[in-house]
Amino acid sequence: MTIGASPTQTDFHEAISSRSDRWYSACLKITRNPDMAADAVQDALLNAWNKRHQFEKNARLDTWIHSIAINAALNQIRKSKPGVFEPLESDVEDCIEEPRQILEDYELEDSLAAALARLTDVERVCFVLKHLEQWRVKEICEELSLNEGRVKQAVFRAVKKLRISMQSMQDDKQ
């Protein structure tokens, strides 16, 4: 990408080919619905393309689009009715692994999806943004229009519930 210029179509194609699976995975963890996640990524890409002149030249294009995708996923949740979410199937990743490792990864993803499904929407979204997307508490507060205490409490409850769920799942395996 040329320094000082807006991202080009080629820049977008490169970012999409290398990072779109990561954007989709993040949106899927937030929405728990493959269609909503795909819509969020598509919305993010259209939004990023239409606002490419606003791109800060010292930022990374893929990180900028990732942030837009997370916001699009949150908007998808806001538009939907509670309880409409489907269970998380699996994350999209292109990697070649041993069959045993693939099976273990699917089992872990299923366990995590089941554990995340037991959280309230606020707990799940706050947990995903804080621990999986590495947002600061202040950013989560601003995005979700919640006070800091509520966000911290939601993250704390989510971590506690996930520890219990994941531990009991581990105990079941043994």
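Derivation of every value follows stated rules applied to the coordinates shown; laboratory data play no part. Being a predicted model, the structure only gives us computed values, none of them experimental. Neighbour counts are summed over all protein chains in view; Cβ atoms, including those assigned to glycine, are modelled from backbone coordinates with ideal geometry.
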Quiz prompt | Gain on full stretching of the segment that runs from LYS57 to SER17 - 0.36 nm per residue minus C-alpha separation | solution = 12.3 nm
Practice problem: List the residues whose amide H sits under 5 Å from the amide H of THR8, counting only those 5 or more places along or on another chain, with H placed 1.01 Å from N in the peptide plane. | Solution: none
Self-check item: Cross-link table LYS57/LYS161; LYS57/LYS152; LYS51/LYS152; LYS51/LYS130; LYS57/LYS160, entries beyond 30 Å C-alpha to C-alpha
Solution: LYS57/LYS161; LYS57/LYS152; LYS51/LYS152; LYS57/LYS160
Quiz item: Arranged from highest to lowest average of other beta-carbon atoms within 10 Å per residue, in what order do the peptides 38-51, 63-76 appear?
Solution: 63-76, 38-51
Practice problem: Step through the residues of segment 49-63 one at a time and calculate ³J(HN,Hα) from phi using the Karplus curve (6.51 cos²θ - 1.76 cosθ + 1.60, θ = phi - 60°), rounding each to whole Hz and writing x for Gly and Pro. | Solution: 5, 5, 10, 4, 5, 8, 4, 7, 4, 8, 8, 8, 4, 5, 5
Self-check item: Summed side-chain charge close to ASP11 - residues other than ASP11 whose Cβ falls under 13 Å, Lys, Arg +1, Asp, Glu -1
Solution: +2
Quiz prompt | ³J(HN,Hα) computed for each position of segment 10-22 - Karplus, 6.51 cos²θ - 1.76 cosθ + 1.60, integer Hz, glycine/proline x | solution = 5, 4, 5, 4, 5, 5, 5, 5, 9, 10, 4, 5, 5
Practice problem: Can you check what the net charge comes to around LEU119, using other residues whose Cβ is under 11 Å from the Cβ of LEU119 (Lys, Arg +1; Asp, Glu -1)? | Solution: +4
